[in-house]
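The values are calculated or read from the model by the stated rules, or taken from the named source; none is laboratory data. Keep in mind it's a predicted model, so treat the numbers as computed, not measured. All Cβ positions, glycine included, derive from the backbone under ideal geometry; neighbour counts span all protein chains shown.
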Amino acid sequence: MCGIVAYLGKERAAPILIDGLKALEYRGYDSAGIAVLEKDGVFLERAVGKVAVLEDKVAKRGESEGSVGIAHTRWATHGGVTERNAHPHRACGGAIYLVHNGIIENYKEIKSELKSKGHEFLSETDTETIAHLIEDIRKDVSVLEEAVRLALGKVRGTYGIAVVSEDEPEKIVAARNFSPLILGVGKNEFIIASDATPIMKFTNNVIYINDGEIVTVTPSGYRIRTIGNEEISRDPEVLDLEIGIVDKGNYPHFLLKEIDSEPDAVRDATRGRLEIGSGNAKLGGIERVEDEIVQVNRLHICACGTAYLAGAVGEYMIEEYAGVPVELDLGSEFRYRKPIFEENDIFLAISQSGETADTLASLREAKEKNVLTLGVVNVVGSTVSRETDAGVYQHAGPEISVASSKAFVSQVAIMALLTLFMGRRRGMSLVTGERIAKELSAVPAFMESILRRKEEMKKIAARYASYTNFLFLGRKYNYPIALEGALKLKEISYIHAEGYASGEMKHGPIAMIDENFPSVVIAPQDSVYEKNISNIQEIKARRGPVLAIATEGDKDIAKLADDVFYIPKTLEMLTPLLSVVPLHLFAYYIAASKGLDVDKPRNLAKSVTVE
Ligand code: F6R
């Protein structure tokens with residue numbers, strides 16, 4: 001989704017901004033641009049396509065010397081993917097340049113009013129309206145940050161913005177409402193960005209800008225005010241991230257690197273938290289509200305996409321082993337239905353980025369109802385992590401590929417930890433707790449044994465790559481994994497895939513089965529094994545090709561399925577952590593064999609900060 005970088009310091013801004021945009025590329029975008037304040041005018045360049053195209057254009061035009069500038073990667077919402085619609089946008093008077101993430105809901109009204117005053121618009125975007133609005137206000141209010149403040153008072157919608165003006169060349173004004181913005185405070189320099197990745201190279205001193213706040217940076221420092229004109233005093237905090245992690249190394253794609261690091265993601269999620277001897281989990285981030293958690297009446301889990309599927313696995317675990325009723329919701333639905341909260345209900349948001357608009361809106365809805373809110377979040381300092389009452393960090397490291405992989409297994413591992421944490425405080429026996437904890441500690445090594453057989457899955461994937469439709473089936477704990485397998489395949493290979501609960505096949509999807517419609521059936525030897533075997537038989541009776549994900553040693557299944565990929569035996573509730581690994585590999589190898597941009601699938605964005 002859209003990305004913002006802005007720089008004010010002593011160095012040439014253009015290369016820093018381009019580098020910053022490259023660091024944001026993983027979020028997904030379709031065009032990019034920069035504007036740098038020069039001694040005599042503004043260096044503005046925009047390009048459709050990759051940041052490399054923009055970089056090329058900037059290089060061809062020659063040196064840009066200025067040391068203050070703003071830059072943007074755009075993910076089209078209002079208006080097509082054209083250079084004219086790419087940011088930065090300029091007001092017609094020529095002095096003001098602006099970049100924007102988010103959506104301005106009342107831009108049509110503002111635009112028509114400004115047009116009637118003579119403003120001429122060059123793009124189809126909602127963003128351009130804010131630039132003209134600031135310009136209009138500046139006829140009466142000369143100070144840029146004050147004009148921005150008054151303009152934002154008229155705007156309805158979501159935004160992260162950064163603004164510069166030719167007539168105040170040593171200043172950047174940035175503001176946030178529902179779209180993340182971070183200020184990096186270096187030595188005599190500032191870098192503002194929509195996520196931490198462009199800032200990490202410069203400094204680890206950061207300030208998170210909150211909704212409704214405006215930050216102004218000049219060579220002499222930064223100043224934060226609210227849109228209501230209240231002064232805010234906030235010191236930088238230390239951002240805890242390693243730069244080296246955001247590197248593909250020798251891997252052809254980040255996705256393969258991230259799938260390969262799934263065992264580490266589970267290790268890092270459980271390190272120091274799993275207490276095998278007492279069959280328990282130590283979760284420092286939620287201990288403060290332990291009493292409320294023990295007394296929970298119902299847990300409302302809310303998330304989107306892959307994170308929602310991690311929540312779906314959690315629903316099975318927590319209900320079966322902790323005895324806590326769970327209600328699972330998609331963020332996009334929760335915020336619009338009228339959820340009923342009872343006494344002692346708890347809300348739990350799961351989000352890798354911690355910035356997903358629908359999850360965030362649902363969290364705020366829950367907060368309004370005075371419910372205790374918890375979060376399972378990967379990005380440290382993200383909005384969900386800051387707005388929940390308590391939570392558990394995933395510690396999975398930055399996930400760069402748009403399609404989530406290591407973050408998913410890390411979330412599922414945390415669901416298992418939560419199950420122990422709640423279960424052991426609500427009557428789960430020591431023996432059961434110990435068994436779960438011990439088996440969970442063995443999962444990373446099991447995952448590694450699967451990943452050592454990557455080539456085997458690559459060969460299987462090659463046999464299935466030419467099919468155009470897939471059915472993914474799983475039951476109980478592996479039903480969410482069937483959905484995840486289908487989601488991953490469709491999002492990175494653009495092949496139609498449907499995930500279904502195995503038992504639902506006979507209620508519809510079986511009509512599609514023939515020799516050209518393969519099924520991937522997750523059928524480990526668990527409590528629903530026999531039922532999955534019946535489903536495979538039904539598919540084979542209709543000549544449908546079957547790839548089974550099965551438990552090591554299960555020779556019978558090989559007689560039925562066309563292909564089998566084996567996974568080690570583990571506790572039923574933990575099989576999702578193993579069965580998902582071959583499915584992630586399957587999707588990866590099919591997409592890679594088609595030469596697709598695996599890490600940045602078309603139309604997708606890493607963190608979906610608009611509704
Ligand atoms: C799919 C994928 C998305 C995200 C979803 C939620 O591979 O990555 O479905 O899981 O957009 O994102 P977060 O977890 O950042 O809230």
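Couple of notes before you dig in:
- Members of the stretch 379-412 that are modelled with pLDDT under 90 and within 16 Å of Ala310 (Cβ to Cβ): Val379
- Taking the criterion of being surrounded by fewer than 19 Cβ atoms within 10 Å (Cβ to Cβ) and away from the ligand (no atom under 16 Å from the Cβ), the residues of the stretch 333-345 that qualify are Tyr336, Arg337, Lys338, Ile340, Phe341, Glu342, Glu343, Asn344.
- When Leu420, Leu330, Leu372 are checked against the criterion of being crowded, with 24+ Cβ neighbours inside 10 Å and either under 25 Å from Lys22 (Cβ atoms) or not small (Gly, Ala, Ser) (or both), a single residue qualifies: Leu420.
- For the stretch 293-303, the candidate set comprises residues that are surrounded by fewer than 24 Cβ atoms within 10 Å (Cβ to Cβ) and more than 14 Å from Leu418 (Cβ to Cβ); within that set, the residue that is farthest from the ligand (Cβ to nearest atom) is Gln295.
- Of all residues in the stretch 172-185, none satisfies the criterion of being more than 17 Å from Ile70 (Cα to Cα) and not in a strand (DSSP E or B).
- Top-ranked residue of the stretch 411-431 - restricted to ones that are within 16 Å of the ligand (Cβ to nearest atom) and aliphatic (A, V, I, L, M), ranked as farthest from Val326 (Cα to Cα): Ala413
- Across the stretch 106-160, the number of residues qualifying as in a loop (DSSP other than H, G, I, E, B), more than 24 Å from Thr82 (Cα to Cα) and touching an Asp or Glu at 6+ places or on another chain (Cβ under 7 Å) comes to 2.
- Members of the stretch 92-102 that are at negative phi and either among the acidic types (Asp, Glu) or surrounded by fewer than 21 Cβ atoms within 10 Å (Cβ to Cβ) (or both): Cys92, Gly93, Ala95
- Cβ pairs under 7 Å, 6+ apart, first in the stretch 378-391 and without any contact (Cβ under 8 Å) to a residue 60 or more places away in the chain, second of a type in the set (Val, Ile, Thr) and in a helix (DSSP H, G or I): Val384/Thr359
- Test: residue in the stretch 121-140 that is aromatic (Phe, Trp, Tyr) and surrounded by 18 or more Cβ atoms within 10 Å (Cβ to Cβ): no
Residue-by-condition table, conditions (1) modelled with pLDDT under 95; (2) within 14 Å of the ligand (Cβ to nearest atom):
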residue: Gly553; (1), (2): no, no
residue: Thr570; (1), (2): no, no
residue: Leu574; (1), (2): no, no
residue: Ser579; (1), (2): no, no
residue: His584; (1), (2): no, yes
residue: Tyr589; (1), (2): no, no
residue: Gly595; (1), (2): no, no
residue: Val610; (1), (2): yes, yes
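- Exactly one residue out of Lys606, Lys569 is crowded, with 23+ Cβ neighbours inside 10 Å and assigned to a loop (DSSP other than H, G, I, E, B), and it is Lys606.
- The residue list Thr73, Thr82 contains one member that is under 28 Å from Arg602 (Cβ atoms), outside any loop (DSSP other than H, G, I, E, B) and of a type in the set (S, T, N, Q), which is Thr73.
- Among the residues making up the stretch 255-292, those that are of a type in the set (Gly, Ala, Ser) and within 16 Å of the ligand (Cβ to nearest atom) are Ser261, Ala265, Ala269.
- Considering the conditions (1) out of contact with any helix residue (DSSP H, G or I) (no Cβ under 7 Å at 6 or more places or on another chain); (2) within 16 Å of the ligand (Cβ to nearest atom); (3) among the charged types (D, E, K, R), Glu434 is excluded by exactly one of them, (2).
- Residue count for the stretch 56-70 under the criterion of being acidic (Asp, Glu) and either not in a loop (DSSP other than H, G, I, E, B) or not assigned by TED's automatic domain parsing to the domain that holds Val164 (or both): the result is 1.
- The stretch 115-142, subset at pLDDT below 95 and among the hydrophobic types (A, V, I, L, M, F, W, C), residue farthest from Ala35 (Cα to Cα): Val141
- Qualifying residue in the stretch 460-467 (condition: of a type in the set (Gly, Ala, Ser), closer than 12 Å to Val520 by Cα and part of a strand (DSSP E or B)): no
- Residue match in the stretch 317-327 (condition: crowded, with 20+ Cβ neighbours inside 10 Å, at negative phi and within 16 Å of the ligand (Cβ to nearest atom)): no
- Residue check: Gly544 meets all listed conditions (1) within 16 Å of the ligand (Cβ to nearest atom); (2) of a type in the set (Gly, Ala, Ser); (3) touching an Asp or Glu at 6+ places or on another chain (Cβ under 7 Å) but one, namely (1).
- Within the stretch 446-470, the residues that satisfy the criterion of being of a type in the set (Val, Ile, Thr) and either more than 30 Å from Pro509 (Cα to Cα) or surrounded by 13 or more Cβ atoms within 10 Å (Cβ to Cβ) (or both) are Ile450, Ile460.
- Check on Leu348, part of a helix (DSSP H, G or I), of a type outside the set (S, T, N, Q), within 16 Å of the ligand (Cβ to nearest atom) and at pLDDT 95 or above: no
- Yes/no for Phe408 being within 16 Å of the ligand (Cβ to nearest atom) and at negative phi: yes
- Residues of the stretch 57-97 classified as more than 25 Å from the chain's Cα centre (by Cα) and closer than 16 Å to Val36 by Cα, total: 20
- When Leu360 is tested against the conditions (1) assigned to a helix (DSSP H, G or I); (2) touching a strand residue (DSSP E or B) at 6+ places or on another chain (Cβ under 6 Å); (3) of a type in the set (A, V, I, L, M), the lone failure is (2).
The rows are residues; the columns are (1) in a helix (DSSP H, G or I); (2) within 16 Å of the ligand (Cβ to nearest atom); (3) surrounded by 17 or more Cβ atoms within 10 Å (Cβ to Cβ); (4) assigned by TED's automatic domain parsing to the domain that holds Leu256.
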residue	(1), (2), (3), (4)
Ala497	no, yes, yes, no
Glu504	yes, no, no, no
Ile510	yes, no, yes, no
Lys531	yes, no, no, no
Ile536	yes, no, yes, no
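- Scanning the stretch 351-377 for residues that are touching a residue at least 40 places away in the same chain (Cβ under 8 Å), farther than 18 Å from Val313 by Cβ and within 14 Å of the ligand (Cβ to nearest atom) yields Ser353, Glu355, Thr356, Ala357, Asp358, Leu360, Ala361, Ser362, Leu363.
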